[in-house]
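I have placed the structure first, in the form of structure tokens, so that the comments after it can refer back to it.
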Amino acid sequence: MSEPQAIDYTFTAPIEKDGSFPTYLTVTDSAELLGTRKAVKVTGTMDGHEFAATLMPSGEGPHWLPVRAALCKAIGKGAAGDEVTVHLTRRLT
């Protein structure tokens, strides 16, 4: 995909800490939303703070959204179970 593609998908999910990444969210229905189970670069907001990240395939269906420590600090959340609202706005790959 050469051009970034606008998307409008909002979800709320708890922070998880027991997978392949130190801190991540599970993006429910992501394979259907994105039309792929491969890694996809996206931008959006997390609790109102802008971010760019790569949604990583979980191998079981939904993608995982790794959450960087700096973003956890910015939103004041980082413990497993903390609810975070994400708005995906653009697909870059």
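The values are calculated or read from the model by the stated rules, or taken from the named source; none is laboratory data. This is a predicted model, so every value here is computed, not measured. With ideal geometry, Cβ positions are generated from the backbone for all residues, glycine too; neighbour counts draw on all protein chains shown.
Structure summary
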read-out	value
Residues located in segment 1-38, provided they are over 25 Å from residue 77 (Cβ atoms), assigned to a loop (DSSP other than H, G, I, E, B) and not basic (Lys, Arg)	1, 2, 3, 4, 35, 36
Check on residue 49, touching a Gly at 6+ places or on another chain (Cβ under 7 Å) and within 19 Å of residue 6 (Cα to Cα)	no
Test: residue in segment 55-70 that is free of Cβ contacts under 8 Å to residues at least 12 places away in the same chain and in a strand (DSSP E or B)	no
Pick from segment 27-46, criterion modelled with pLDDT of 95 or more, of a type outside the set (Gly, Ala, Ser) and crowded, with 17+ Cβ neighbours inside 10 Å, ranking: farthest from residue 93 (Cα to Cα)	46
Candidates 54, 26, 36, 45, filtered to the one that is in contact with an Asp or Glu (Cβ under 7 Å, 6 or more places away or on another chain) and polar (S, T, N, Q)	26
Count of residues meeting criterion [in a loop (DSSP other than H, G, I, E, B) and either loosely packed, with under 15 Cβ neighbours inside 10 Å or not hydroxyl-bearing (Ser, Thr, Tyr) (or both)] in segment 74-93	8
Any chance residue 55 is surrounded by 13 or more Cβ atoms within 10 Å (Cβ to Cβ), modelled with pLDDT under 95 and in contact with a His (Cβ under 8 Å, 6 or more places away or on another chain)	no
